[in-house]
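Peer 1: The structure's right below; bear with me while I get my questions together.
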Amino acid sequence: MYDLIVLGGGPAGLAAACRAWQEGVRRILLVERDDALGGILNQCIHNGFGLHRFSEELTGPEYAGRYIRMLGQTGVEVRLATMALQILPGQDGAPHEVHTLSPTHGYEVLQTRAIVLAMGCRERTRGAIALPGERPAGIFTAGAAQRYLNIEGYLVGRRVVILGSGDIGLIMARRMTLEGAKVLACVEVMPYSGGLTRNIVQCLQDYDIPLYLSHTVTDIKGHDRLEQVTVSQVDANRRPIPGTEMVFDCDTLLLSVGLIPENELTRQAGIEMDRRTHGAVVSEAMQTSVPGIFACGNVLHVHDLVDYVSAESERAGAAAAAYLQGNPSASLPSLRLDNGAGIAYTVPQRLHPGIGEAQVFFRVNRVTGPAAVVAENDAGETSRFRRLRFAPGEMERITLPANLVATAKEHITLRLEEGSV
Amino acid sequence: MKEIICIVCPRGCQLTVDEANGYAVTGNGCPRGAAYGKSELQNPTRVLTSTVRLTGAALRRLPVKTDRAIPKGKLREAMALLDTVVAHAPVTEGQVLVADLLGTGANLVATREIPAE
Ligand SMILES: Cc1cc2nc3c(=O)[nH]c(=O)nc-3n(C[C@H](O)[C@H](O)[C@H](O)COP(=O)(O)OP(=O)(O)OC[C@H]3O[C@@H](n4cnc5c(N)ncnc54)[C@H](O)[C@@H]3O)c2cc1C
Ligand code: SF4
């Protein structure tokens with residue numbers, strides 16, 4: 001019997017386990033399906049991690065290393081090469097069950113009083129399914145190509161087109177160029193990039209790789225291996241414009257079309273989901289609709305910065321400790337955070353009224369110039385948070401003042417207000 | 001006057017650098033941006049991250065970086081040199097694999113700890 005089982009040994013699981021230990025929880029098990037801790041950070045060998053958390057610029061493996069060493073200082077039990085297959089929530093305060101499979105322990109049913117979900121996300125392949133044309137070899141998600149190159153040591157191709165301008169695609173454009181490949185173009189269907197501006201500069205502009213906004217792949221040719229990709233401009237409704245075709249001779253197409261939280265276990269456990277984040281609905285304590293089950297990191301919503309993953313996961317670890325130490329808050333609180341105009345989602349989605357100020361992550365659904373996000377509660381209280389620009393590619397963080405939270409009756413609405421700054 | 005985007009942190013401030021005026025920088029959200037703007041126009045540098053061959057471990061590649069930024073014009077040459085580097089497990093994080101890479105003053109260091117097999 002464990003007090004806490006953490007599912008996933010990426011930055012989210014590591015931070016949650018460390019923090020729960022610091023808060024006094026002792027029987028903690030961390031389960032990771034890979035042979036090493038660190039999660040996706042092990043393949044993100046570039047730098048740019050940790051500026052917020054450690055005030056230093058680290059590479060992915062270095063950032064993971066800090067937390068792995070921190071975990072090594074605790075008595076948290078770690079099981080590698082162990083896959084969590086199923087979660088069965090306990091009824092009426094009974095322990096939860098986690099079913100696992102591993103080469104060393106076989107199939108096991110573990111009991112625990114609390115669980116932190118930290119299984120991360122995987123790459124969307126939807127873009128691949130919707131691609132017209134033939135189905136030759138040479139089409140990869142950017143993250144798969146990153147794993148081949150940085151972990152296994154294989155360059156997946158020599159002449160490359162990248163579809164989607166997410167950060168992983170941009171990082172791979174630079175990485176493959178430095179390894180001797182020719183990256184011909186990065187193609188983005190939206191009129192703006194999905195990645196950070198700094199990555200457009202240091203990954204594309206540094207290497208003279210053209211970025212085609214409002215363009216998409218409209219044909220693929222090749223029998224065994226990819227030979228040719230056709231790219232066309234799209235109109236305001238994202239429909240290809242005839243006559244704008246450009247043909248690229250290439251052997252590789254990378255897809256960088258977004259990430260999606262990996263929540264099969266969460267759904268099977270009957271945990272309430274948010275269809276906007278594709279993650280669980282949580283309170284400010286990162287607790288899901290099942291008491292004692294918490295979620296954090298990319299399994300909850302896709303983060304662009306690992307620093308925020310750590311911060312959020314430390315909160316989940318602390319909340320799991322508080323729950324175990326006799327501060328169990330029953331299911332989800334009723335105070336809702338609603339998405340008004342311009343807001344794509346918020347995390348958390350629910351708040352306890354008595355918590356004081358509340359930290360909220362959100363994303364907008366369009367690019368703006370100077371604008372404000374307005375938080376308004378149903379008692380007429382408002383707060384404004386101004387920014388020079390908003391973009392869907394960049395997750396924002398605000399702190400709602402205690403007063404706004406305390407006076408709200410049923411909901412607080414976030415909305416984007418342009419031009420009034 | 002030149003407009004560039006600061007790449008030092010994810011904020012991505014839009015900098016204006018005045019070459020005629022001692023490379024004075026405006027638009028920076030913090031002092032690091034001013035330093036970046038100055039060096040970017042005179043001697044652009046980048047930290048290089050890549051991998052080298054690894055032996056004696058289950059993993060085949062060891063992630064590495066230069067421990068400080070090196071001139072942008074030397075990145076290709078540095079990559080060619082990395083092709084010849086082989087590391088042997090065990091490796092500690094921060095271990096120097098090549099000292100003073102191409103005379104830049106930067107060391108090539110390991111970024112992941114690899115225990116002996
Ligand atoms: C390809 C890729 C590249 C990225 N590049 C960057 C970047 O450059 N900069 C940045 O800030 N962010 C990047 N991100 C975002 C990055 O994922 C997050 O910043 C951070 O790694 C998320 O941490 P996590 O612990 O939530 O997820 P992960 O790091 O994905 O860790 C989840 C862990 O859970 C394990 N797991 C999943 N399911 C199970 C199961 N059923 N049983 C046992 N274990 C399980 C996985 O093996 C994995 O180790 C990238 C994401 C991806 C997918
Ligand atoms: S100027 Fe400072 S705040 Fe702005 S991007 Fe550069 S480092 Fe970040």
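Peer 1: Roughly how many whole Å is it from the C-alpha centroid of the range B:35-64 to that of the range A:1-36?
Peer 2: Taking the Cα centre of the range A:1-36 as reference, the centre of the range B:35-64 is 31 Å away.
Peer 1: Give the long-range amide H neighbours of A:Glu394: residues separated by 5 or more places, or on another chain, with amide H under 5 Å away, using H modelled in the peptide plane at 1.01 Å from N.
Peer 2: Excluding prolines and chain starts, which carry no amide H, there are no hits.
Peer 1: Let me ask something else. Could you pull out every residue, at least 5 positions away or on a different chain, whose amide H is within less than 5 Å of the one on A:Leu30? Hs are placed 1.01 Å off N in the peptide plane, and Pro or chain starts have none.
Peer 2: Sorted by chain and number, the residues that satisfy this are A:Val6, A:Glu77, A:Val78, A:Arg79.
Peer 1: Taking every residue in B:91-103, how many Cβ atoms of other protein chains lie within 10 Å of its Cβ, on average? It would help to have the intermediate numbers written out before the result.
Peer 2: Values: counts 0, 0, 6, 2, 0, 0, 0, 0, 0, 0, 0, 0, 0.
Other-chain Cβ atoms within 10 Å of each residue's Cβ, averaged: 1.
Peer 1: Here's something else I'd like to know. As a test, work out the antiparallel percent of DSSP beta bridges whose residues both lie in the range B:49-110, rounded to the nearest 5.
Peer 2: Numbers: 10 of 13 bridges.
The antiparallel proportion sits near 75 percent.
Peer 1: Also: Based on DSSP loop calls and a cut-off of at most 12 other Cβ atoms within 10 Å, the longest stretch of chain A free of exposed GluC sites (Glu not before Pro) is what? Intermediate values should be presented prior to the final figure.
Peer 2: Details: sites that count: A:Glu56, A:Glu410.
Result, exposed sites excluded: A:57-409.
Peer 1: If you don't mind, there's one more thing I want to ask. What residues qualify as long-range amide H neighbours of A:Glu227, i.e. H under 5 Å apart, gap of 5 or more or another chain, H built at 1.01 Å from N?
Peer 2: A:Lys221, A:Gly222
Peer 1: Of the DSSP beta bridges with both residues in the range A:338-418, give the percent that are antiparallel, rounding to the nearest 5. Before the final figure, lay out each step's value.
Peer 2: Details: 23 of 25 bridges.
Beta bridges within the range A:338-418, antiparallel portion: roughly 90 percent.
Peer 1: Out of the range A:94-199, which trypsin sites (Lys or Arg not before Pro) are coil in DSSP terms and have no more than 16 other C-beta atoms within 10 Å?
Peer 2: On the way: sites: A:Arg113, A:Arg122, A:Arg124, A:Arg126, A:Arg147, A:Arg158, A:Arg159, A:Arg174, A:Arg175, A:Lys182, A:Arg198; in loops: A:Arg124, A:Arg158.
Filter output for the range A:94-199: A:Arg158.
Peer 1: Could I ask something else about it? Pull up the DSSP beta bridges for the protein assembly as shown and report the antiparallel fraction as a percent, rounded to 5. Please list the in-between numbers first.
Peer 2: Details: 76 of 114 bridges.
Here the share of antiparallel DSSP bridges comes out near 65 percent.
Peer 1: Now for a separate question. Could you compute how much accessible surface B:Thr55 exposes when probed at 1.4 Å, giving the result in Å² to the nearest 10?
Peer 2: Surface accessible to solvent at B:Thr55 totals approximately 40 Å².
Peer 1: On to the next question. Could you tell me which residue out of A:His99, A:Thr197, A:Phe385 lies farthest along the dipole of the protein assembly as shown toward its positive end? Charges go on the beta carbon: Lys and Arg +1, Asp and Glu -1, centred on the Cα centre.
Peer 2: Most positive-ward Cα: A:Thr197.
Peer 1: Starting from the 7 Å offset along Cα-to-Cβ, what nm value, one decimal, do you get for the label separation of A:Ala130 and A:His105?
Peer 2: 4.1 nm
Peer 1: Taking just the alpha-carbon atoms of chain A, what radius of gyration and Dmax come out, in angstrom?
Peer 2: Cα radius of gyration and Dmax of chain A are 22.4, 67 Å respectively.
Peer 1: Give me the one-decimal nm value for the distance between modelled label points at A:Arg389 and A:Arg158, 7 Å along each residue's Cα-to-Cβ direction.
Peer 2: Distance between the two pseudo-spin positions: 3.8 nm.
Peer 1: Which of A:Gly222, A:Phe140, A:Asn150 sits closest to the plus end of the dipole of the range A:125-257, meaning its Cα is farthest towards the positive end, when Lys and Arg get +1 and Asp and Glu get -1 on the C-beta?
Peer 2: A:Asn150
Peer 1: Using Cα positions and a limit of under 21 Å, work out the lysines in reach of B:Lys74, with same-chain residues fewer than 8 apart set aside.
Peer 2: Reachable lysines: A:Lys182, B:Lys38, B:Lys65.
Peer 1: Have a look at A:Thr112, A:Thr59, A:Thr399 and tell me which one the Gaussian network model of chain A (Cα, springs below 10 Å) gives the largest fluctuation.
Peer 2: Of A:Thr112, A:Thr59, A:Thr399, the most mobile in the Gaussian network model is A:Thr399.
Peer 1: Could you tell me the relative contact order of chain A? Use alpha-carbon pairs under 8 Å, at least six residues apart, and round to a whole percent. The partial results should precede the final answer.
Peer 2: Values: 1060 pairs, mean separation 63.3, N = 421.
15 percent.
Peer 1: Still on this structure, I have one more. Is there a quick way to get the dipole size of the range A:43-100? I mean about its Cα centre, with the Cβ of Lys and Arg at +1 and of Asp and Glu at -1; what is the value in debye to the nearest 20? Could the numbers behind the result be given before it?
Peer 2: On the way: 4 positive and 6 negative charges, 30 e Å.
It comes to approximately 140 debye.
Peer 1: Right, something else. Check each of the chymotrypsin sites (Phe, Trp or Tyr not before Pro) in the range A:86-154 and keep only those in coil by DSSP with at most 10 other C-beta atoms within 10 angstrom; list them in order. Each step should come with its number before you reach the end.
Peer 2: Details: sites: A:Tyr107, A:Phe140, A:Tyr148, A:Tyr154; in loops: A:Tyr154.
Answer by residue number: there is no such site.
Peer 1: Continuing with the same structure: Give the residue from A:Asn365, A:Pro401, A:Ile343 lying farthest towards the positive end of the charge dipole for the range A:338-418; charges sit on Cβ (+1 for Lys and Arg, -1 for Asp and Glu) and the dipole is referred to the Cα centre.
Peer 2: Of the listed residues, the answer is A:Asn365.
Peer 1: What does the charge dipole of the range B:2-42 about its Cα centre add up to, to the nearest 20 debye, if the Cβ of each Lys and Arg holds +1 and the Cβ of each Asp and Glu holds -1?
Peer 2: Values: 4 positive and 4 negative charges, 36 e Å.
Its charge dipole is roughly 180 debye.
Peer 1: OK, next. Per residue of the range B:10-16, in order, report the coupling 6.51 cos²θ - 1.76 cosθ + 1.60 (Karplus, θ = phi - 60°) as ³J(HN,Hα) in whole Hz, putting x for Gly and Pro.
Peer 2: x, 5, x, 5, 8, 9, 10
Peer 1: Rounded to the nearest Å, what's the spacing between the alpha carbon centres of the range A:190-211 and the range A:301-328? Just the number, please.
Peer 2: So the separation of the two Cα centres works out to 33 Å.
Peer 1: Using helices alone, I'd like the mean residue ellipticity at 222 nm for chain B: each DSSP H run of four-plus residues gives -39500 (n - 2.57), total over residue count, nearest 500.
Peer 2: Values: 2 runs with 20 residues, N = 117.
After summing the helix terms and dividing by the residues of chain B, the value is -5000 deg cm²/dmol.
Peer 1: Also, I was wondering about something else. Based on alpha-carbon centroids, what's the gap between the range A:53-77 and the range A:215-246 in Å, whole number please?
Peer 2: If we compute the Cα centre of each part, the gap is 43 Å.
Peer 1: Can you compute the modelled spin-label distance between A:Asp378 and B:Ala69, with each label point 7 Å from Cα toward Cβ, in nm?
Peer 2: Modelled inter-label distance: 5.2 nm.
Peer 1: A further question on this structure: Can you work out the Karplus-derived ³J(HN,Hα) for every residue in the range A:161-169? Use 6.51 cos²θ - 1.76 cosθ + 1.60 with θ = phi - 60°, whole Hz, and x for glycine or proline.
Peer 2: 10, 10, 9, x, 10, x, 4, 5, x
Peer 1: Please work out the Cα convex hull volume for chain B and give it in Å³ per residue. Don't skip to the answer; put the middle values down first.
Peer 2: Numbers: hull volume 12.8 nm³, N = 117.
Taking the convex hull of the Cα positions in chain B, it is 110 Å³ per residue.
Peer 1: Placing +1 at every Lys and Arg Cβ and -1 at every Asp and Glu Cβ, with all other atoms neutral, what dipole size does the range B:49-110 have around its Cα centre, in debye to the nearest 20?
Peer 2: 200 debye
Peer 1: Between B:Glu117 and A:Ala344, what's the calculated FRET efficiency when r is the beta-carbon distance and R0 is 41 Å? Round to 0.05. If you can, show how the numbers build up before the last one.
Peer 2: Values: r = 46 Å, r/R0 = 1.13.
So, using R0 = 41 Å, E works out to roughly 0.30.
Peer 1: Residues of the range A:1-139: accessible area per residue at 1.4 Å, in Å²? Intermediate values should be presented prior to the final figure.
Peer 2: On the way: 5910 Å² over 139 residues.
Value for the range A:1-139: 43 Å² per residue.
The values are calculated or read from the model by the stated rules, or taken from the named source; none is laboratory data. Values in this document were obtained by computation on a predicted structure and should not be read as measured data. Here Cβ is always computed from backbone atoms with ideal geometry, including for glycine, and neighbour counts include all displayed protein chains. For the accessible areas, the whole protein counts, side chains as well, though only heavy atoms, and no ligand, DNA or RNA atoms are used. Shrake-Rupley method; radii C 1.70, N 1.55, O 1.52, S 1.80 Å.
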